[in-house]
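What follows is a short report on a single structure.
The values are calculated or read from the model by the stated rules, or taken from the named source; none is laboratory data. Quick caveat, the model's predicted, so the values are computed rather than measured. Here the Cβ positions follow ideal geometry from the backbone for every residue, glycine too, while neighbour counts run over all protein chains shown. Surface accessibility is based on the protein's heavy atoms, side chains included, excluding ligands, DNA and RNA. Shrake-Rupley method; radii C 1.70, N 1.55, O 1.52, S 1.80 Å.
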Amino acid sequence: MFKKHILSAVVALGMAVSGQAQQTEQFSIATLNIDGLPQKILVFNVNAEGPGSPGTVRIGKYLMNKDYDLMFLQEDFNYHEELSIVMEDNYRFDTWSGNIGLDGHKIDFLHLQNQRFECDGLMACWKKIHNVSAGQRTAWADGFGKFSHCNDLLATKGFRRYEVTLANGKQIVVYDLHMDAEDNLDTEEGKAGPDRAARQNQRKQLRDDIMNRLDDRPVIVLGDFNTFYYRDKAKEDFIDAINASGKATIADVWVELQNKGKFPDYQEDNRVRDDREEEHGGESLDKILYINPTSASMSLKPLSYSRDIDGFMYNGKALGDHFPVAATFQLTDRKSTGILTISNDAQAEGNAEYYNINGQRVSQPASGIYIEQTAKGIRKRIIK
């Protein structure tokens with residue numbers, strides 16, 4: 001009875017302070033590993049089944065036709081010109097970090113164990129109606145596998161941070177990333193432990209960078225996580241850790257819109273293969289997460305999620321070894337929406353609680369509502 005009383009009072013107050021119309025912006029965003037490793041280096045097959053030059057042109061045409069507002073790519077290594085030339089009329093691109101191979105690189109053939117290409121393979125492209133800052137590159141502090149375990153250490157993998165100004169002038173932050181991979185044979189033989197440990201350290205590094213630089217702008221984190229929730233403790237060390245900080249809330253768009261809000265259960269079996277996505281509810285290695293800082297004046301809300309398998313085919317074969325993952329977001333000005341919802345599960349007699357304008361419990365908001373239960377009843381005060 002008490003909870004209903006508070007909730008109805010708060011909803012009424014929320015309606016009272018919602019005098020202005022909502023100010024919203026919708027945009028689409030996609031992530032795709034374009035499988036841009038060279039097909040051959042000298043006489044050695046590197047990615048013989050990859051799209052190569054003609055396949056990358058088809059990927060560029062596919063992305064051009066999808067007409068996403070913002071796109072963030074991985075493995076844009078050796079065929080960047082083929083990709084960009086068919087998209088440059090409508091899109092701008094971030095700085096390309098280079099290729100993998102012999103061209104333009106000094107190779108110490110006597111000490112190949114020390115060879116590492118400085119390219120990260122990450123790329124952003126965006127419609128010209130938007131403005132995106134050059135991505136700030138950060139290499140992973142930890143990784144595993146130079147000539148085994150998917151050769152992650154041959155390239156300088158990591159993440160890039162972008163500041164995005166949408167067409168209407170509103171700003172968000174976007175992180176594009178590529179984490180360590182895991183070979184199926186290593187998984188089946190129970191030898192993928194070092195890869196999973198590397199990914200865990202990379203998630204923590206990414207989490208710390210996000211939280212240390214968090215301001216009042218919403219954040220989108222996307223890319224090739226090489227992670228399944230059922231085999232990696234990503235929910236625990238990334239999702240839960242950010243939610244527990246009190247500084248922001250984070251959610252996975254696929255979990256929220258496609259999996260009924262439930263994260264797949266973590267499995268202790270370290271031999272679970274990573275190529276049977278249909279057996280695990282359709283979870284993809286490629287993810288789109290979003291973060292709303294508690295102090296933000298704007299908030300992100302996902303409206304749609306898609307993983308395009310059928311459309312990413314050519315002559316019965318996928319254009320690359322990953323499928324595009326995309327989402328549509330609504331960016332809403334919190335200051336004009338009033339209080340949406342409030343949970344009172346933790347409310348107890350004698351407690352005083354602060355809620356921000358979006359209905360989330362905070363320590364002390366700059367704007368929001370203050371609720372206190374006293375012996376004489378409930379005291380409510382709007383903080384402006």
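Accessible surface of Thr328, taken over heavy atoms with a 1.4 Å probe and every protein chain present, rounds to 40 Å².
Remark: for residue pairs Lys260/Lys301; Lys233/Lys262; Lys127/Lys287; Lys204/Lys262; Lys157/Lys317, the C-alpha separation exceeds 18 Å in Lys127/Lys287; Lys204/Lys262; Lys157/Lys317.
Sorting 312-325, 169-182 by their mean Cβ neighbour count within 10 Å, with the most densely packed peptide first, gives 169-182, 312-325. Estimated at the nearest 10 Å², the accessible area of Glu81 is 140 Å² with a 1.4 Å probe. Sorting Glu25, Glu88, Glu118 by accessible area puts them as Glu118, Glu88, Glu25; the probe is 1.4 Å, largest comes first, and only protein heavy atoms count.
Net charge of the neighbourhood of Ile291, taken over other residues with C-beta under 15 Å away and scored Lys/Arg +1, Asp/Glu -1, is +1.
Label-to-label distance for Lys204 and Lys247 is 1.7 nm, based on points extended 7 Å past Cα in the beta-carbon direction.
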